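Contents: one structure, followed by commentary.
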């Protein structure tokens with residue numbers, strides 16, 4: 001846990017990066033609730049280095065939807081609201 005805590009803390013020496021991650025992930029969750037977009041959960045990865053993404057960077061967490069089809073349905077029902085959600089951040093399998 002020491003290595004991952006050092007990684008998070010290196011992102012913000014004043015507050016600690018983990019506090020920023022928590023606030024960052026709250027944004028898309030609030031937008032999802034506001035626009036009626038259902039999601040499975042919100043995650044913060046204690047050790048982001050164990051969660052690489054498709055471009056080789058790490059994933060600190062995200063709001064997870066049930067499926068890509070679920071996101072497509074949200075887009076069809078409310079294009080503007082779902083765009084706000086996607087711009088705020090979303091993680092789909």
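The values are calculated or read from the model by the stated rules, or taken from the named source; none is laboratory data. Please read these numbers as outputs of a predicted model, since none were measured by experiment. Reconstructed Cβ throughout: ideal geometry from the backbone, glycine too, with neighbour counts over all protein chains shown.
Of all residues in the stretch 57-85, those satisfying the criterion of being under 20 Å from residue 45 (Cα atoms) and either surrounded by 16 or more Cβ atoms within 10 Å (Cβ to Cβ) or in contact with a helix residue (DSSP H, G or I) (Cβ under 8 Å, 6 or more places away or on another chain) (or both) are 58, 59, 60, 61, 62, 63, 65.
Within the stretch 49-65, the residues that satisfy the criterion of being within 18 Å of residue 84 (Cβ to Cβ) and either without any contact (Cβ under 8 Å) to a residue 12 or more places away in the chain or not in a loop (DSSP other than H, G, I, E, B) (or both) are 62, 63, 64.
Table: residues versus (1) over 25 Å from residue 72 (Cβ atoms); (2) buried (at least 16 other Cβ atoms within 10 Å of the Cβ); (3) modelled with pLDDT of 80 or more.
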residue: 2; (1), (2), (3): yes, no, no
residue: 23; (1), (2), (3): yes, no, yes
residue: 31; (1), (2), (3): no, yes, yes
residue: 35; (1), (2), (3): no, yes, yes
residue: 42; (1), (2), (3): no, yes, yes
residue: 47; (1), (2), (3): yes, no, no
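Of everything in the stretch 18-48 that's touching a residue at least 12 places away in the same chain (Cβ under 8 Å) and over 23 Å from residue 83 (Cα atoms), which residue is nearest to the chain's Cα centre (by Cα)? Of everything passing the filter in the stretch 18-48, 45 is nearest to the chain's Cα centre (by Cα).
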